[in-house]
1. Before anything else, pin down the relative contact order of segment 202-317: Cα pairs under 8 Å, at least 6 apart, normalised by residue count, whole percent.
2. Label-point separation (nm) for residue 285 and residue 621, each offset 7 Å from Cα along Cα-to-Cβ?
3. What order do you get for 519, 358 when you list them from fewest to most C-beta neighbours inside 10 Å?
4. What order, most packed first, do the peptides 314-322, 31-39 have when packing is the mean number of other Cβ atoms within 10 Å of each residue?
5. Under 20 °C and 1.002 mPa s, how fast does segment 143-285 diffuse according to Stokes-Einstein, given a Kirkwood radius computed over C-alpha pairs? Answer in µm²/s, whole number.
6. Would you list the P(r) distribution for segment 42-177, with all Cα-Cα distances sorted into 5 Å bins from 0 and each bin expressed as a whole %?
7. Sort 490, 11, 428, 461 so that the residue with the fewest other Cβ atoms within 10 Å of its own Cβ comes first and the one with the most comes last.
8. Could you work out the relative contact order of segment 10-103? I mean the mean sequence separation of Cα pairs under 8 Å and 6+ apart, divided by the number of residues, in percent.
């Protein structure tokens with residue numbers, strides 16, 4: 001590229017986390033001064049420190065504060081990243097008033113494409129095929145129900161404004177429609193200030209394929225190929241790749257033609273993404289669903305297969321220059337995995353905590369964190385993206401798996417082990433995908449720690465009789481336990497409640513934590529282990545380590561910290577198993593606590609209350625008496641720490657397909673929800 005430097009003198013990035021850091025990399029390469037904004041929760045975060053200048057703002061959604069930060073820092077342009085204000089037409093207009101360039105499309109494009117109902121009608125008028133459906137604007141619920149009957153079920157109910165899957169719910173039949181409408185409206189009103197809904201026919205086992213476009217003010221609009229974004233959970237993308245494994249040259253040309261037509265229809269400028277759904281058996285019949293008028297989370301896969309820096313091209317267009325991409329050729333295959341701070345075994349609930357060790361694997365890694373980062377419940381749980389490239393899809397898959405195996409994240413739960421298991425599944429390896437695949441897959445069990453992981457923690461426990469130093473990198477390498485320590489025995493409990501009795505070993509591992517709870521990375525996986533006992537001075541005790549099948553606990557707890565946004569029952573109500581009781585919102589998702597068994601409800605919280613993880617929010621007292629816990633054979637325990645009881649599943653945990661609610665493992669019903677989050 002022969003980009004003049006600088007395109008701008010100073011650019012403020014109105015975002016946080018990995019996308020802010022990614023934009024800073026291009027700014028540094030181009031010799032442009034960077035300005036970050038940060039909130040109190042992000043003070044000291046990597047993105048705030050890496051910029052040339054940083055300004056505190058009360059919220060990433062505060063238009064006036066962000067504009068003031070741009071003006072006070074001398075920025076002549078603002079890059080919005082994705083999420084937050086990136087698709088906000090009022091923000092783009094405010095930038096223009098302040099004399100600051102908005103790195104993105106014009107206000108008209110933002111307004112048209114930011115309203116799903118308007119966008120669908122607009123592109124249909126320009127020959128772009130759309131999914132059958134209807135707008136609920138101005139309709140009563142009775143009229144919506146009648147229109148839904150005519151359209152046919154199942155239907156996807158979603159906010160007309162916004163994106164990122166927030167507020168999307170599925171109505172499989174008339175009985176589901178009232179709850180789906182109420183949830184979607186509540187989320188849409190809170191997230192976007194507009195509860196207008198759009199209902200679309202839900203295609204059976206569809207694929208989600210999107211096209212990256214670039215456009216400048218000199219008449220050039222081009223496609224950079226498609227991305228396969230079908231692997232999603234609850235409408236949130238998990239793994240993306242480019243190109244799609246099922247799109248041939250003819251279909252690629254068809255998709256490109258439709259995407260370019262959609263972009264040109266609104267005079268689009270900059271980088272944008274046109275999203276399509278295709279039925280699994282009719283890949284050559286794409287249906288437009290929306291246009292994202294900003295950089296996508298998954299843009300790195302396109303960059304790796306085309307060699308084009310999309311942020312640089314955004315800056316060129318914003319500076320009034322023509323695109324400079326050369327001829328677009330797709331080179332090999334790229335696959336991205338999103339690393340979320342979440343607990344797969346608890347229904348993929350978002351997690352919080354402090355990252356006690358962070359070390360990326362051998363691939364492109366766009367990260368929001370470092371060792372010592374505190375994960376806040378205020379923002380999206382995605383902390384990194386791991387992206388691998390290869391000459392073909394099989395090689396890219398293998399390289400991604402290898403990179404994930406070497407990516408070390410300790411101190412917080414993540415989905416890395418689940419991502420690796422997903423990459424190994426035959427359907428994924430064969431490219432036989434649909435958007436419901438991950439939801440049908442259900443909730444995995446907590447992975448069992450490997451012998452090396454157990455041996456490493458045992459060595460850490462007895463090493464010099466001291467807790468492991470939180471400075472992890474002094475501990476990388478082989479644990480060598482010698483002398484008396486080598487003859488000690490350590491009992492450790494994993495997240496599944498299983499107790500393992502092991503001796504220290506000489507293994508390659510990274511361990512943090514102590515003196516009771518430890519995190520270990522060994523054999524390509526991370527585990528949390530709790531110290532039960534050391535052999536020395538142990539006493540024998542009988543302890544409860546589980547519940548008998550059919551045992552019930554009347555206390556229902558919050559599956560994660562958050563805000564109670566709805567209470568669906570009253571004190572004294574008699575409910576059946578599965579009845580919705582309390583809905584809690586945190587980190588972009590709503591989680592509904594349901595009754596695990598029939599009984600009488602007593603509420604312990606109210607709408608608007610803040611609740612901590614595992615706080616009791618309701619009780620459901622059954623008619624039958626609660627059975628005694630099952631008692632195991634005696635095991636070795638020390639007097640300290642106290643004997644550990646394996647935790648029963650909470651009422652917010654997800655129920656694996658086919659499980660029995662009477663076993664005391666009720667379901668959480670997650671729905672995307674508003675937050676200062678990324679899509």
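1. Contact order relative to length: 29 percent.
2. With each label point 7 Å from Cα toward Cβ, the separation is 5.8 nm.
3. Working: 519 27, 358 21.
Lowest to highest Cβ neighbour count: 358, 519.
4. Working: 314-322: 19.7, 31-39: 22.0.
Highest mean packing first, the order is 31-39, 314-322.
5. Values: Rh = 16.7 Å.
Here the translational diffusion coefficient equals 129 µm²/s.
6. 2, 8, 14, 16, 14, 12, 10, 9, 8, 5, 2, 0
7. Numbers: 490 24, 11 32, 428 20, 461 28.
So the residues, fewest neighbours to most, are 428, 490, 461, 11.
8. Taking the mean separation of contacting Cα pairs over the length of segment 10-103, I get 30 percent.
Only the coordinates and a few stated rules stand behind these numbers; no lab work does. Since this is a predicted model, take the numbers as computed values, not measurements. Note that each Cβ is placed from the backbone with ideal geometry, even for glycine, and that neighbours are counted across all protein chains shown.
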